[in-house]
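All remarks here apply to the structure that follows.
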Amino acid sequence: MKKLIAGLLLLSAGFASAAEIAGNVALTTDYRFRGISQTDRDPAVQGGFDIAFENGLYAGTWASSIQYGGSVEMDFYGGWVKEFNDDVSLDLGYMYYYYPSDNSDPDLDLQEFYAKLGFYGATVGVIYSDDYFAKSGEFWYLFGDYSVPLGEQFSLDLHVGYNELDGDQNFVSNYFDYSIGVSTSVFGADLSLAYVDTDVSNSDCGDKLCEGSAVFTISKSL
């Protein structure tokens, strides 16, 4: 599957003249994935690029430094988005998570399918994996995001997600993650400060990886 997605990205690059290409880089004080730190609460360097076509098809890749499952996480994704008007859109896609330096058994790599509905500043979505991290079983993620403008320069960003894992109970399962933050743009860079937390106890998660904390991120579109 990794070769298939990489091939699609190369094919998309061949049609670059008919597509919009965008890149991004970021530095964050903690890479939180669905509320759980992937960097042992340390900073991470991130970045990627996307190719979007006029017919709604898109493909992209994104990577981040991590401390679990190796040193790097690489994501490959593709999908189709339909904009019904300026306020309503539908996004259907596929994502593959790849850990090139992972030596664990079973392998951490996984795939997900997603559907997202955007409307009037809000997004609701569902994500499904047939076999989650380390072959731990079926996984569902239901989430909602909402951004509220605060004047002309800032926005209030809200998120809540529900994680349900039906397989190996050695993994944290059936929990909520949430965040509340503010974001703005300064000199062409995007800044965000968010409080990220879960309802998982330290005894179940370990090393305060699920404990609430403030996360600051600075990113730049290329």
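The values are calculated or read from the model by the stated rules, or taken from the named source; none is laboratory data. Keep in mind that this is a model prediction, so the values were computed, not measured. Heads up, the Cβs are rebuilt from the backbone with ideal geometry, glycines too, and the neighbour counts pull from every protein chain shown. Heads up: the accessible areas ignore ligands, DNA and RNA and are worked out on the full protein's heavy atoms, side chains in. Shrake-Rupley method; radii C 1.70, N 1.55, O 1.52, S 1.80 Å.
How about the range 21-109: which chymotrypsin sites (Phe, Trp or Tyr not before Pro) there are in a DSSP loop, with at most 11 other Cβ atoms within 10 Å of their Cβ?
F84
What do you get for chymotrypsin sites (Phe, Trp or Tyr not before Pro) in the range 133-200 restricted to DSSP loop and a cutoff of at most 12 other Cβ within 10 Å of the site's Cβ?
Qualifying residues, ordered by number: F187.
Out of the range 113-209, which trypsin sites (Lys or Arg not before Pro) are coil in DSSP terms and have no more than 15 other C-beta atoms within 10 Å? Walk me through the numbers before you get to the answer.
Values: sites: K116, K135, K208; in loops: K208.
Sparse-neighbourhood loop trypsin sites (Lys or Arg not before Pro): K208.
For the chain, what is the accessible area per residue in Å² when the probe is 1.4 Å? Could the numbers behind the result be given before it?
Working: 12010 Å² over 222 residues.
The answer is 54 Å² per residue.
Ordering R34, R41 by how much accessible area each has at a 1.4 Å probe, largest first, what is the list?
Highest to lowest solvent-accessible surface, that is R41, R34.
Looking at the chain, identify the longest residue range that excludes and avoids all GluC sites (Glu not before Pro) in DSSP loops having at most 15 other Cβ atoms within 10 Å.
Details: sites that count: E54, E138, E152.
Of all site-free stretches, the longest is 55-137.
Can you give the calculated 222 nm mean residue ellipticity of the chain, where each DSSP H run of n ≥ 4 adds -39,500 (n - 2.57) and the sum is split over every residue, rounded to the nearest 500 deg cm²/dmol?
Working: 2 runs with 17 residues, N = 222.
Per the formula, -2000 deg cm²/dmol.
So what's the net charge close to I66: Lys and Arg +1, Asp and Glu -1, counting the other residues with Cβ under 13 Å from its Cβ?
-4
Roughly to the nearest percent, how much of the accessible area of the range 95-162 is carbon and sulfur, given a 1.4 Å probe?
In the range 95-162, the share of accessible area belonging to carbon and sulfur is 61 percent.
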